[in-house]
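Written below as structure tokens is the structure these notes are about.
The values are calculated or read from the model by the stated rules, or taken from the named source; none is laboratory data. Not measured: the values here are computed from a predicted model. Because the Cβ atoms are built from the backbone with ideal geometry, glycine has one as well, and the counts that use them run over all protein chains shown.
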Amino acid sequence: MPPSLFAPGLRDRLQFNLNRLREKIWFRPLLLCLVSLIGVGMAHLADDLLPMAPLPDVSSDTLETLLRIITSSMLVIAVFAAGSMLTAYSSAASVATPRAFTLVVADDISQYALSTFIGAFIFGIVGLIALMNGFYGRSGRFALFLITVTVFTIVVLSFVTWVDRIARLGRVTNTIDRVEKAATSSLMEHGRSPTLRARSAANDAFKNPDSSWDLVIRAQEVGYLQRINLAELQQASESLDLEVVIEILPGAFVTPQRILARAISSKPIESGAAERLAMSFRVGNRRTFDDDPRFGLLVLSEIASRALSPAVNDPGTAIYIIGTFVRLFTKWVDGSCQRPDDADEPPRFDRLWMQELALEDLFDDAFQAIGRDGASTLEVGLRIQKGLSLISALPKSGIREAARAQATLALHHGEKALRLAQDVARLRKAAGWVLHPEHLGDEITLGR
């Protein structure tokens, strides 16, 4: 295998594309169909490898009966499984939010079960055709029998596991947990390395570019910035002998007029450099969870807003999501405090400059919509203030100010929406946990 296949930029690109394939329903069934065909062919190899072995003589009638059972039953089960999964997907999109659909589709157990059913059906069809045409000898029939029994066992185990999973798939709490898991992964990556191992442009002169810039890199299409392949961009910067300052983060909506990055060099920059550098910025029609932690917070907030709508009227889901936000911010801050072993080493991408996630944006994505849509529900307003009070106590610079800003905004929404003066007084008292914590001696918890 060529050494270039191990290049970090290519690995990142392959991993991103593999994650997108996992979101496709057809991908794993196709793989299992190929495995089924290989299994049928491997049974025939037993005739060539063990032609005279004293193996039990399994009759063709026995194998034909088993394969017909697989063929007739697996097609029905596969259709039933597909229908059940589509119902769960529709429920996830309508009860939670369509933005979480890709996470529900990517459920490993459901996709594996459907793939097993379809693969077993293909195995039964192809094996039956081969058997009835005399494709197998004595050793081949015995090998096919063993493979058939193995397929039966896998199908039964997959079905039992799948029934347990499909009962939960599409439920709002299951969808919330999936979004939380995706958001946690992305937030932890940013927590351990706020600039993803590039140089920080937060306090650098590059933050306010002027005429000294040599090259502007713009988006080549309209859509959301899904990924920045930093390893590939670093390699291109080294070969072009320049430095790149990335001005936006994944999740931003871009057009051909939007500047993605700027580059400088002490030498003349060769023609075509902008197009080459722009190839490291992947733009698509929708946002993804992989490198966009704000998207996870936004999707959770959207689920809460839908739960607070008059048609649903489920404040309990919004309260549950507020607790999820407390966990997410806590894990993010913990990740920031846990410095990796190579934290004191020079940045891995020393030719790239990158902005950190803005605290204000994270708090807006998480709490702004809930504070607005849940303003008329006292329980939600109180839980927002309690959650923000816990987050504001986390050991991170600027987090207290960002929490206070959201607490003030939620308080203003509540003062306008609540009808009873007693409810407004309770909300103001709860807001004091965030705005004036120095006057409070009681410990704040999320319990009612």
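A few notes on this one:
- Matching entry among Ile176, Ile154, Ile248 (being outside any loop (DSSP other than H, G, I, E, B) and over 21 Å from Leu103 (Cβ atoms)): Ile154
- The listed residues are Glu356, Glu379, Glu415, and the only one of them that is surrounded by fewer than 17 Cβ atoms within 10 Å (Cβ to Cβ), out of contact with any Gly (no Cβ under 7 Å at 6 or more places or on another chain) and under 23 Å from Gly191 (Cβ atoms) turns out to be Glu356.
- Residue identified as charged (D, E, K, R) and under 25 Å from Ile322 (Cβ atoms) among Arg197, Arg165, Arg138, Arg178: Arg178
- Residue list for the range 83-139, restricted to those being outside any helix (DSSP H, G or I), touching a residue at least 12 places away in the same chain (Cβ under 8 Å) and closer than 27 Å to Val149 by Cβ: Phe135, Tyr136, Gly137
- Checking Leu390 against (1) crowded, with 19+ Cβ neighbours inside 10 Å; (2) free of Cβ contacts under 8 Å to residues at least 12 places away in the same chain; (3) not acidic (Asp, Glu), the condition it does not meet: (2)
- Filter result (closer than 12 Å to Phe295 by Cα and not small (Gly, Ala, Ser)) within the range 171-190: Val179, Glu180, Thr184, Leu187
- Some residue of the range 43-64 being under 30 Å from Ala304 (Cα atoms), touching a residue at least 12 places away in the same chain (Cβ under 8 Å) and of a type in the set (S, T, N, Q): no
- The listed residue being of a type in the set (Gly, Ala, Ser), under 30 Å from Val312 (Cβ atoms) and modelled with pLDDT of 80 or more, out of Ser59, Ser115, Ser90: Ser90
- Every listed requirement among (1) touching an Asp or Glu at 6+ places or on another chain (Cβ under 9 Å); (2) surrounded by fewer than 20 Cβ atoms within 10 Å (Cβ to Cβ) is met by Gly191 save one, (2).
- Test: residue in the range 69-78 that is modelled with pLDDT under 85 and hydrophobic (A, V, I, L, M, F, W, C): no
- Condition check for Ile259: more than 21 Å from Phe289 (Cβ to Cβ), among the β-branched types (Val, Ile, Thr) and surrounded by fewer than 20 Cβ atoms within 10 Å (Cβ to Cβ): yes
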